[in-house]
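Let me begin by presenting the structure, written as structure tokens, before commenting on it.
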Amino acid sequence: MNTRSSPSRAGGLALGRHVLPIAMLSPAVLVTVAIVFLPMLETAWMSLHQYVLFRPKDFNFIWFQNFIDALHDEVFWISLEHTAIWIFLTVPSQLLLGLVTALLLNQQFPWRAVARALIIVPWALPSVVISLMWVWIYDSNYGILNDFLLRLGLISSSIPWLADPDTALYAIVLTLTWQGFPFFAVMILAGLQSIPRSYYEAAAIDGASTWRQFWHITLPGISGVLMTAVLLRTIWVANSIDVIFVMTGGGPGYATYTLPLYAFIKARTNLDFGYGSSLAVLFTLMLMGLVIVYLRRAGKAVRS
Amino acid sequence: MIVKKRSLSRRLLTVDLPMAAILVFTLGPYLWMFLTSITEEKRLFTEGPSLIGATLENYLRLFDTVGFFGNLVDSFIIASGTVVVGLTLSVTAAYAFSRFSFPGKRYLMLQFLVINMFPVVLLILPLFIFMRHLGLIDTHIALIAANSTIAIPFSVWMMISYMNGIPRSLDEAAMTDGCTRMGALWRVVLPLCVPGIIATGIYIFITSWNEYLYALTLGGRSVRPITVAIQTLIGEYEVEWGLLTAGGIVGAMPATVLFLIVQKRLISGLTQGAVKG
């Protein structure tokens with residue numbers, strides 16, 4: 001505003017004001033366009049083609065044939081169903097365990113700092129290591145889970161958790177719950193600590209029970225964080241394929257196929273990049289709704 | 001006194017005990033992996049993992065016969081390269097977002113946010129084709145570029161939140177003293193951002209170190225990051241769990257240690273956005 005007072009310099013500054021931000025932004029923007037947005041367009045373009053990597057000459061434009069094929073593909077529907085199960089089991093489990101952990105970490109106890117530091121370990125581990133660790137735990141001959149359950153007498157014979165189509169998906173859900181709940185715990189804990197102590201003191205004076213305090217003070221206080229965390233985590237869990245890929249590779253049969261994994265395997269194993277791309281595009285479109293909801297929330301935060 | 005005792009036992013029952021149970025669940029698998037890695041391969045299948053007769057045999061074999069060291073170097077080059085690319089590109093961008101207002105700013109910022117929401121599959125297929133055309137498959141550059149797709153948007157957002165915490169009056173003071181904009185950024189804002197830059201850099205390092213799918217797709221025989229190397233141990237040697245878990249411990253070590261060092265600053269940075277939103 002104060003540039004207006006000196007009209008002779010205003011022209012130069014106004015120019016600087018427009019050019020400088022652009023100049024400062026352009027490296028990051030150009031690189032992301034080159035390595036993110038152009039490749040995405042390429043995926044969309046490939047999805048409209050018949051394109052198998054070992055037959056590069058048959059790059060035929062086939063309109064939406066890949067998408068129509070997908071809708072008639074049994075594996076597509078199986079994968080879609082697994083994706084839904086996968087999200088609706090994993091995210092709530094992570095949320096519940098994370099909420100309990102955060103509530104506990106918000107209490108006063110002597111080793112709280114240690115507990116808070118250690119709880120995040122799963123978050124820092126490479127997903128390959130996590131996958132192999134749990135494959136070893138689930139091992140049907142020497143795995144500790146079978147050993148443990150056998151000794152407790154809960155099962156009468158070893159269960160091949162990952163090789164049995166009935167249990168494989170759930171076994172992976174447990175692994176992902178283990179990997180992801182610390183994220184919820186940390187986020188929720190930050191939310192809990194932003195609730196003023198005085199609210200609880202006032203409620204206690206009014207004789208509100210712990211449960212009522214939780215319901216009327218704690219939950220409303222962390223609802224914003226919960227919403228953001230659930231959205232972020234749902235998108236992340238839906239996208240995540242590395243753990244499944246390493247643990248079962250989608251098997252046994254199609255028992256642990258999710259949609260993004262199917263797209264990845266189609267391209268990687270069958271080298272069918274056209275069909276793989278169309279699956280990836282379809283999946284992204286389905287996810288778009290969630291992404292838009294999240295962006296709306298984030299957009300509000302940016303404005304303020 | 002009696003009241004206090006009761007409340008102590010109550011605390012033990014309602015706080016300490018459940019917390020300990022959750023920690024056992026959290027750390028148990030990791031400790032089990034560690035225990036397996038220090039057990040002799042022969043005894044593993046007869047007696048199971050145990051502390052008695054602990055050995056470093058698996059770790060030695062990992063470096064002697066499997067050539068794990070080269071994989072560690074590959075991972076290190078890729079992760080460091082990604083840190084450099086991510087930080088240098090994002091510093092000026094974050095400054096522009098933090099200090100200027102210009103048309104389309106909000107959309108441009110959200111554009112950086114949305115990148116991390118897209119599924120990896122959407123990017124991995126075209127990146128493979130691109131890199132193949134450019135002859136970059138199986139090079140460090142390909143993997144640095146691929147990891148930058150995650151690192152750049154992330155560090156732009158982290159740096160914005162750190163820079164917003166530095167008062168604008170400092171830039172203005174520097175500029176009245178004759179600094180240019182870039183001078184103010186370089187001499188005043190950046191030094192104050194150093195803790196944030198370090199935390200962001202370390203987070204990028206961890207995520208690039210841990211990354212697997214790009215490493216698998218764009219890597220190859222000559223560039224094989226640690227995550228892929230660990231996974232291939234399954235195929236090349238028919239599941240030797242001692243060796244595999246030793247690989248897991250070694251591969252997870254740098255990221256875990258770094259994370260525990262900077263976790264406080266990192267978590268406050270990561271959760272800030274969410275608490276505000």
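Taking the criterion of being assigned to a loop (DSSP other than H, G, I, E, B) and modelled with pLDDT of 90 or more, the only residue of the stretch A:126-160 that qualifies is A:126.
The helices (runs of 4 or more DSSP H) found wholly in the stretch A:209-276 and carrying at least 2 residues that are among the aromatic types (Phe, Trp, Tyr) and at pLDDT 90 or above occupy A:259-268. In the set A:54, A:59, A:67, A:109, only one residue is exposed (fewer than 13 other Cβ atoms within 10 Å of the Cβ) and either hydrophobic (A, V, I, L, M, F, W, C) or in contact with a Cys (Cβ under 9 Å, 6 or more places away or on another chain) (or both); that residue is A:54. Could you check, for the stretch A:288-295, whether at least one of its residues is part of a helix (DSSP H, G or I), farther than 28 Å from residue A:49 by Cα, over 16 Å from the mean Cα position of the chain (by Cα) and not β-branched (Val, Ile, Thr)? Within the stretch A:288-295 (the criterion being part of a helix (DSSP H, G or I), farther than 28 Å from residue A:49 by Cα, over 16 Å from the mean Cα position of the chain (by Cα) and not β-branched (Val, Ile, Thr)), the answer is no, since none of the residues qualifies.
Regarding the stretch A:251-261, can at least one residue be identified that is out of contact with any Ser or Thr (no Cβ under 6 Å at 6 or more places or on another chain) and either among the acidic types (Asp, Glu) or facing chain B (nearest Cβ under 10 Å) (or both)? Within the stretch A:251-261, one or more residues are out of contact with any Ser or Thr (no Cβ under 6 Å at 6 or more places or on another chain) and either among the acidic types (Asp, Glu) or facing chain B (nearest Cβ under 10 Å) (or both).
Here the condition is being away from chain B (no Cβ under 13 Å) and either surrounded by 17 or more Cβ atoms within 10 Å (Cβ to Cβ) or modelled with pLDDT of 90 or more (or both); of A:41, A:30, A:48, it holds for A:48 alone. Would you be able to tell me the number of residues in the stretch A:77-110 that are among the polar types (S, T, N, Q), within 9 Å of another protein chain (Cβ to nearest Cβ) and either closer than 17 Å to residue A:171 by Cβ or free of Cβ contacts under 8 Å to residues at least 60 places away in the same chain (or both)? Of the residues in the stretch A:77-110, 2 are among the polar types (S, T, N, Q), within 9 Å of another protein chain (Cβ to nearest Cβ) and either closer than 17 Å to residue A:171 by Cβ or free of Cβ contacts under 8 Å to residues at least 60 places away in the same chain (or both). Could you tell me whether the stretch A:228-246 includes any residue that is facing another protein chain (nearest Cβ under 10 Å), over 30 Å from residue A:165 (Cβ atoms) and surrounded by fewer than 16 Cβ atoms within 10 Å (Cβ to Cβ)? Within the stretch A:228-246, not a single residue is facing another protein chain (nearest Cβ under 10 Å), over 30 Å from residue A:165 (Cβ atoms) and surrounded by fewer than 16 Cβ atoms within 10 Å (Cβ to Cβ).
The values are calculated or read from the model by the stated rules, or taken from the named source; none is laboratory data. Since the model is a prediction, treat every value here as computed from it, not as a measurement. Glycine gets a Cβ as well: all are built from the backbone with ideal geometry, and neighbour counts include every protein chain shown.
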